[in-house]
Each structure stands twice: as structure tokens, then as C-alpha cells.
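Notes follow the structure.
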Amino acid sequence: MKPLSIFDDWDNVSAQPEDSAANDAISILASMPIDAEHKRVVNGRADINQLAPFKYPWAWSFFLNANSNHWTPLEISMAQDVHDYQHKLNPAEQHLFQNVLAYLTTSDILAMRNIGLAVMEKMSAPELQIYQARQVYEEALHTWTYQHCIETLGLDQREIYNRYRVVPEIHAKIALANRRLNGVLQANRPLSDRDALHDFALAYLFFAAVFEGCWFYNGFSPIFALQRRGLMKGTAEQLQYIMRDEVLHCAFGIRVVKQLLEEENLQLDPSAIKLMWEEAEAAEVAYAGYILREPILGYNATLHIEQFRYIANRRARQLGWPEPFPGAGNVLPWLDEQANLRKEKNFFETRVTEYQVGGALVWE
Ligand SMILES: [Fe+2]
Ligand SMILES: [Fe+2]
């Protein structure tokens, strides 16, 4: 009988024993706990149904942190927003508000599909999959949140949800992400293939570092700019909760990709990374030009684009890469604070139920 290893398929091996001694050895080995060192991000062969011992305890911490940020959109009052939207926002501000929501709501469905369909099933350690299962739920919750805002404000849902298909500047960002998602959804490209592995790592990185880490992170800024003037505060509060999730999604994705590159001794093609940043910037510039075709008080396309570049530099540093946009300035210094609800001193007073959960969260 051939020698047995921890990597053997125990269900099949155990069904075909040739002698009792071997059978006993199989039983002993098969009943032993897995070795954490046999776990891998992808292509692992340790039993995926055994959570512990952990190889990636940080992934479990992400899951615990994620559960410290829970809400539903129904808990946040939108009454003042209805009045603000109808009576206080000027046409340029209404245009901005509508299109930010139109973009975000389509994006979150794409984010959910990316994690749920393209990423999670490729992970071979349960602690990674468990956080991503939570992330899938959170993306659905975000979609519900935008839908609740759109419906509450009386916007035409048919028209708003179709906007990404008819506005080129919104469509371009969605199409770019769809292209990267579809590139790794092909069933005939197993990750044992190095080119497929490279493309998967790059796609996951794009979603974590660009799509969530830059486009989402900075994508909330226009609404926060209104909030800073006392407008649309309910919507902004909803987005603050979403932003806290997205910060974790970004940080988790970057951590997973770094781990993957290390385990697989894989290096991403510098020209592919350069192209990723260039495409992301070009799409963001066009988008900002559309949603902010007219500036609003305290916010304009130039600020939006510059902050995108500043955040992109931060993501690159998290990855240990050179900054793609050297010298970009932190022109919205208040943006990072939006992820920290503890700085909103009256925040908890506005809620029906007081949650004491924010203190558990650790930001970048
Ligand atoms: Fe999301
Ligand atoms: Fe996300």
C-alpha cells in the first residue's frame, strides 16, 4: 500500500484499506486535528470544515470586528432628508446626490457578486471564507440602505437604477469592474495555472484597493460635504455605517492578497498594476466631471479627484508599493473621521437603541 500523507483524500482512502494495520494507521491519522500550516489562501488541502487551529487569526478578528458594526437602514431617521432634498438642495446638489446614489447602489451589487461568486469559493481556509460570508451579507445590506434612501426620498427607482446604463461616466466605472470580475469567473481557469492565479490576485486587489478602498471610500465624500452644511444628515449617517464596513473590506482584501502573493511566491506584473491605477484614475476623473459638472458649496470635481489620488497613494503604501500619484494632497482632511462614528458626539443620541459597539473597531 502506498504511503499515506495528510494531503490524501481520506474519504476515498479509508474506503479501500488493504490490511488491518494500514487501516488502523488511517483511522489514527484521519482522526487527528488538522495542522494549521497545511492551510493556504487558495489551493489548500487541509479539511476546510475545521475552523481551528487558525492559520490566519487576523481573519477571525476581522469577522469579530465586522460584527461590532451592525445596523439596519430603518433605524436612522430620514425625515429631515426628505425636507432637505425637496426644499434646500439646489439643482446641482440634487444632480450630485442622485448620481452618487445611482453609482453606489449598482456598485454594491457588483461588490457582493465579486466576493460571493469570484472570491469566496476559491478560498481554502474557513476563517477566510467566514469573514467573506459576512462581507457578502454586508454588501446586500448596503444595497438595501441605498434602496431605502432612494425610496424614502421619493426618487424614481426605475430611472435611478437604470442610470448606470445610460450615463457613460457611471457606466465606465461599472464596466471596468465587471471586466475584471468576469475575467476571474471563468470556470476553465483553475488557480493551479500561474497566469490564472496572477489574474485572480490582481482582480481581488482591484476590488479591495480600488473599488472599495478608493472609489467607495472617496465616493461618499460628496454626501458628507452636504452633511457638513447640515444637509442630508440621515443619508450621511447611513453612509458612515457603510464606510466602516468598506474600510474593513478593503483592509481584509489587501491582507489576503499579500498573504496569497507570499504563499504562492507570486509577483504581480508592475505594468498591470500601473494600468490598474491609470484606468482607475481616468474613470474617476470622468465620473467626477459628470456628478460635479457644476461645483457645489464647499465641494467640486478638483477636490474629489485630488482626494482619490491621495487615498490611492495610501492603498499603495498598504501594499508596500510606490505611490501612483506622488504629491497628491489630503484636500478633504475630514474624510477619514467619517469612518469613526465615535467622533460624532450626538450620533448615538439620534438612535432608538444605543449600541456600545464602536470601541471594538480598529481602523487602519
Ligand atoms: Fe458595500
Ligand atoms: Fe465592500
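Bear in mind that the values in this text are calculations on the coordinates, not laboratory data. Not measured: the values here are computed from a predicted model. Here Cβ is always computed from backbone atoms with ideal geometry, including for glycine, and neighbour counts include all displayed protein chains.
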Evaluate E = 1/(1 + (r/R0)^6) for residue 35 and residue 321, where r is the Cβ-Cβ distance and R0 equals 22 Å; express this FRET efficiency to the nearest 0.05. 0.10
Dmax and Rg, reported as Rg then Dmax, of the range 239-279 (C-alpha, Å): 13.5, 38
Could you give the angle, 0 to 90 degrees to the nearest 10, between helix 233-263's Cα long axis and the longest principal axis of the Cα atoms of the chain? 30
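How do 287, 164, 137 line up, fewest other C-beta atoms within 10 Å first?
Numbers: 287 26, 164 22, 137 14.
Exposure proxy ranking, most exposed first: 137, 164, 287.
Given the range 163-231, report the % of alpha carbon pairs whose separation exceeds 19 Å. Don't skip to the answer; put the middle values down first.
Details: 1178 of 2346 pairs.
Percent of Cα pairs beyond 19 Å in the range 163-231: 50.
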Computed over the range 57-191: relative contact order in percent, which uses C-alpha pairs under 8 Å that are six or more apart: 34
Once amide hydrogens are built 1.01 Å from N within the peptide plane, the residues lying 5 or more places from residue 42 or on another chain with amide H under 5 Å from its amide H are 124
To the nearest 10 degrees, how steep is helix 57-66 against the longest Cα principal axis of the chain, on a 0 to 90 scale? 30
Tell me the relative contact order for the chain as a rounded percent, counting alpha carbon contacts under 8 Å between residues six or more apart. 20
Residue separation between residue 334 and residue 258 times 0.36 nm, minus their alpha-carbon distance, gives in nm 24.5 nm
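Normalised by the number of residues in the range 166-318, what is the relative contact order in percent for Cα pairs under 8 Å and 6+ residues apart?
Working: 110 pairs, mean separation 48.5, N = 153.
In percent, rounded to a whole number, it is 32.
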Just grab the label-to-label distance for residue 186 and residue 285, each label 7 Å out from Cα along the Cβ direction, in nm (one decimal). 3.0
Semi-axes of the chain from the Cα gyration tensor (sqrt of 5 times each eigenvalue, largest first, whole Å) come to 42, 23, 18
Output the 0 to 90 degree angle, nearest 10, between the alpha-carbon long axis of helix 157-166 and the longest principal axis computed from the alpha carbons of the chain. 80
Net lengthening on full extension, residue 86/residue 25 (0.36 nm per residue, minus Cα-Cα): 14.5 nm
